[in-house]
Each structure stands twice: as C-alpha cells, then as structure tokens.
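**Q** Can you read through this structure? Questions will come right after.
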Amino acid sequence: MRRLTIAVLVATMVDLSCSSKAAPADACVEPETGLPTDVFCTGLYANHDPTQHSADALAYTPGVVLWSDGAEKHRYLYLPPSSTIDTSNLDAWKFPVGTKAWKEFRVDGVLVETRLFWKRSETAWDSGTYVWDAAGTTATLNTDPKGIVLPSGYEIPKQKDCDKCHHGGSDRLLGVEAVALALPAAEGATLTALAQRGLLSKPPATTTVALPEEASGKAGAALGYLHANCGMPCHSSRGLGDETKLVLRLRAGELWPDGSSGAAASAVSMTDTFKSTVNQDPTTAAVAQAFPGAHRITPGAHDKSLVWLVSHLRGNYQMPPLVSHRIDDVGTQQLADWIDALPK
Ligand code: HEC
C-alpha cells in the first residue's frame with residue numbers, strides 16, 4: 001500500500017515537471033488591457049534575471065530627481081522600433097504608442113519594487129508596480145488597494161497613487177523631459193544622446209542647459225530640487241496643484257529662452273518659481289492659519305518660508321503629501337540655503 005502511494009507520488013512529480021516544460025514559465029502572453037502579472041513579462045529583464053536588462057531598454061538618469069525616502073533608483077526607457085518622441089513642443093513631449101518606462105527602487109541595497117508606465121494607445125497608459133519577494137527572484141504586480149509599508153518604513157505606492165503625480169506630465173512621464181535630461185547631472189539617455197540617436201522628432205539646437213543661477217551660487221540647486229520634487233508632479237499649469245498658481249516647474253522656455261536655440265539660462269528672478277513664491281502669500285486659508293506670517297518664500301528666512309516648512313515636515317501639511325515618510329535633509333537644506341541668501 002505504502003509502496004503504491006510513493007509510486008503514485010513519483011509519477012505525479014514526473015508529470016508535473018513534464019507539464020512545466022511543455023508550458024515554460026517565460027511564455028508571456030501580452031494582455032489586451034492592463035499590465036502583466038509577472039515582472040519578467042514586461043520586457044525589462046533578460047533571462048529571468050533582475051540584474052540583466054534588455055538591450056532595448058535605455059538606461060537614463062534625469063539631472064534632478066525625486067526624493068524617494070533614500071531609495072536608490074534606476075530608470076529605463078523603451079521606444080518601439082523606428083519611432084520617435086514628438087518634441088515639436090519642447091516642453092510637452094508626446095510619446096509613441098508602445099512606449100514603456102520602468103523605475104527600479106532599492107532600499108538598503110535590496111530591490112523592492114519595479115514600477116512601469118506603458119502607453120497602450122494614443123490616449124491610454126497603464127501603470128503599476130511590481131513587488132519583489134524577499135529572495136529577489138520574482139516580482140508580482142501590486143493589486144493591494146492600500147500602499148504597502150515595508151518594515152524599514154519605505155512605502156510602495158498603490159496603483160491609484162501613480163496618476164496623482166504623473167498627471168503632471170504632458171504625456172504621463174515626468175523625468176523624460178527636455179529640462180531634466182539636458183542638465184549637466186543627467187546620465188545615459190540624456191537629451192544629447194536621444195537627439196544623436198534620432199529619437200526626437202524635433203531636437204533643439206542646444207541639447208545641454210544649466211539651472212538658472214545667481215551671485216550666491218545657491219539658486220540652481222534649490223530650483224532643481226523644487227522642479228523635480230514639487231513642479232514635475234503637481235505644482236505646474238498641468239499638475240493637480242494648479243489651482244493654487246504656485247508654479248515650481250522650470251519650463252523649457254525658461255532655460256531655452258527662444259524655445260530651442262539655447263541662449264544663456266534666464267535670470268532666477270524671471271522664473272515662474274521665483275515669481276510665484278518670493279514674498280507671495282499662500283492661497284489656501286488652512287495653510288495660512290497653520291503657518292501664520294509665512295510667505296511662500298520669505299527672503300532671508302527659511303523658517304518663515306512655506307516651501308521649506310512643508311517639505312521639511314512629515315505628517316499634517318507635509319509635501320509631497322503622499323508616499324514619503326522621511327525628510328530629504330540634503331534637498332531641503334539646499335532650499336534653506338537659497339532662501340537665506342535671498343536679499344531681504
Ligand atoms: C509622489 C509623486 C509620485 C508618485 C506617487 C509616483 N511617481 Fe513615478 N515619478 C515621479 C517623479 C517626480 C518622477 C521623475 C523623477 C525621477 O525619476 O526621480 C517619476 C518617475 C517615474 C518613472 C520613470 C519615467 C518618468 O515618468 O520619468 C516611472 C516608470 C514611474 N515614475 C512610475 C510610477 C508608478 C507606476 C507609480 C505608481 C505605482 C508612480 N510612479 C508613483 C513622481 C511620482
């Protein structure tokens with residue numbers, strides 16, 4: 001009796017291994033809508049190995065980046081064969097259908113999530129994040145309706161959070177834009193590299209720009225911090241923070257004054273960021289009440305400047321208001337240094 005059971009078990013195991021050979025795990029079927037469940041079916045990785053990236057995925061780093069509670073990030077862009085990004089409006093890129101962008105997040109050196117934006121049609125994008133298992137061997141699409149907070153305190157956002165920030169992109173993507181890819185700190189598929197590879201429909205004459213700067217030498221870093229952390233996602237004419245008319249996004253037109261030819265960067269005081277903050281009061285009554293006497297920026301006093309106060313805060317009134325649980329000490333210090341150097 002016992003023998004028989006073992007024989008049946010062995011037979012079942014043999015059978016199972018055969019059937020898994022017949023239908024290999026890497027046979028990915030592209031879903032008609034929505035994202036695949038398995039990260040290895042998204043096209044980023046080769047050989048089921050998160051350390052091997054597909055040769056079609058262009059690695060890049062924007063010249064200014066979003067603070068993600070200290071996570072280390074790597075970004076990749078895929079454009080369908082023979083396609084170009086429509087850059088006829090240098091400040092509002094339009095991506096070809098089929099474009100994919102991924103962002104990997106490592107916390108304390110461990111890969112925890114891989115996010116994906118995929119353009120499915122002229123008007124629709126799918127987005128979501130893949131959560132890696134502890135061994136780092138598989139990652140599955142996150143369908144948890146709530147954000148997942150890891151023991152380290154790092155939060156993996158829920159699907160619904162993606163568009164709260166990515167609404168600020170002209171066509172969803174945020175860091176794949178002229179300004180961020182033209183700055184000196186950009187790497188990989190920079191604006192120069194994309195232009196050289198013929199991937200821009202209308203490349204600007206100059207493909208590198210500098211952040212606006214002033215005599216103190218403190219403005220550029222602060223404007224770059226505000227651009228990536230506040231302006232790209234929300235505080236621009238196209239972001240969810242538009243109603244306050246607080247504009248913290250640097251437009252291509254501010255860095256390329258005639259829109260493309262690339263003359264010197266415009267004066268700090270001419271940027272939308274400067275004009276909508278310095279000595280300007282908040283438009284939200286609750287904010288004005290919570291921080292009495294503070295302008296958006298009070299020259300010479302970062303502790304009386306709302307943009308610093310809320311970004312150097314976690315809890316009520318924190319900015320950005322979602323996903324982040326740790327203060328960006330370096331970025332907020334750059335902001336404080338600029339504000340303190342502004343003449344009273
Ligand atoms: C708090 C705002 C915020 C949230 C929430 C957010 N993102 Fe982003 N994301 C950004 C910003 C800003 C960038 C560009 C700067 C950078 O890469 O550091 C970016 C970049 C990316 C990129 C690289 C391509 C690009 O747009 O520049 C991908 C892919 C991405 N995010 C996916 C996602 C997905 C998927 C979600 C939801 C699970 C999500 N993001 C949630 C703000 C956000």
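**Q** Quick one: how many residues across the stretch 205-240 are assigned to a loop (DSSP other than H, G, I, E, B) and surrounded by fewer than 22 Cβ atoms within 10 Å (Cβ to Cβ)?
**A** Count: 14.
**Q** Right, another one. In a helix (DSSP H, G or I), in contact (Cβ under 8 Å) with a residue 60 or more places away in the chain, within 9 Å of the ligand (Cβ to nearest atom) and not assigned by TED's automatic domain parsing to the domain that holds Leu322: does that describe Ala180?
**A** Taking the combined requirement at face value, the residue satisfies it.
**Q** Something else about it: Please determine, by comparing only the residues of the stretch 41-67 that are within 11 Å of the ligand (Cβ to nearest atom) and either outside any loop (DSSP other than H, G, I, E, B) or at pLDDT below 95 (or both), which one is nearest to the chain's Cα centre (by Cα).
**A** Thr61
**Q** Take Trp308 and tell me if it is touching a Leu at 6+ places or on another chain (Cβ under 6 Å), of a type in the set (A, V, I, L, M, F, W, C) and either crowded, with 16+ Cβ neighbours inside 10 Å or in the same structural domain as Thr277 (by TED's automatic domain parsing) (or both).
**A** Judged against the criteria, Trp308 is a match.
**Q** Give the number of residues within the stretch 116-136 that are without any contact (Cβ under 8 Å) to a residue 40 or more places away in the chain and away from the ligand (no atom under 14 Å from the Cβ).
**A** Final tally of qualifying residues: 7.
**Q** Oh, and also: Kindly indicate whether any position in the stretch 150-160 is assigned to a loop (DSSP other than H, G, I, E, B), near the ligand (Cβ under 8 Å from one of its atoms), in contact (Cβ under 8 Å) with a residue 12 or more places away in the chain and of a type in the set (A, V, I, L, M, F, W, C).
**A** Within the stretch 150-160 (the criterion being assigned to a loop (DSSP other than H, G, I, E, B), near the ligand (Cβ under 8 Å from one of its atoms), in contact (Cβ under 8 Å) with a residue 12 or more places away in the chain and of a type in the set (A, V, I, L, M, F, W, C)), the answer is no, since none of the residues qualifies.
**Q** Now for a different question. So Ser170 clears everything in (1) more than 14 Å from the ligand (Cβ to nearest atom); (2) closer than 30 Å to Leu211 by Cβ except one condition, right? Which one?
**A** (1)
**Q** Only one of these is surrounded by 16 or more Cβ atoms within 10 Å (Cβ to Cβ), among the polar types (S, T, N, Q) and in a helix (DSSP H, G or I): Ser269, Ser276, Ser324. Name it.
**A** Just one listed residue meets the conditions, Ser276.
Residues are listed down the side, and each one gets a yes or a no for (1) surrounded by fewer than 17 Cβ atoms within 10 Å (Cβ to Cβ); (2) within 27 Å of Gly169 (Cα to Cα); (3) more than 12 Å from the ligand (Cβ to nearest atom); (4) modelled with pLDDT under 95:
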residue	(1), (2), (3), (4)
Ile6	yes, no, yes, yes
Thr12	yes, no, yes, yes
Leu16	yes, no, yes, yes
Asp38	yes, yes, yes, no
Lys73	yes, yes, no, no
Pro80	yes, yes, yes, no
Ser83	yes, yes, yes, no
Ser88	yes, yes, yes, no
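**Q** Here's something else I'd like to know. With the requirement that a residue be in a loop (DSSP other than H, G, I, E, B) and either without any contact (Cβ under 8 Å) to a residue 60 or more places away in the chain or surrounded by 16 or more Cβ atoms within 10 Å (Cβ to Cβ) (or both), what does the stretch 183-204 give you?
**A** Scanning the stretch 183-204 gives Leu183, Ala186, Ala189, Thr190, Arg197, Leu199, Pro203, Pro204.
The values are calculated or read from the model by the stated rules, or taken from the named source; none is laboratory data. Note that this is a predicted model, so its numbers are computed, not measured. Virtual Cβ from ideal backbone geometry, glycine too; neighbours counted across all protein chains shown.
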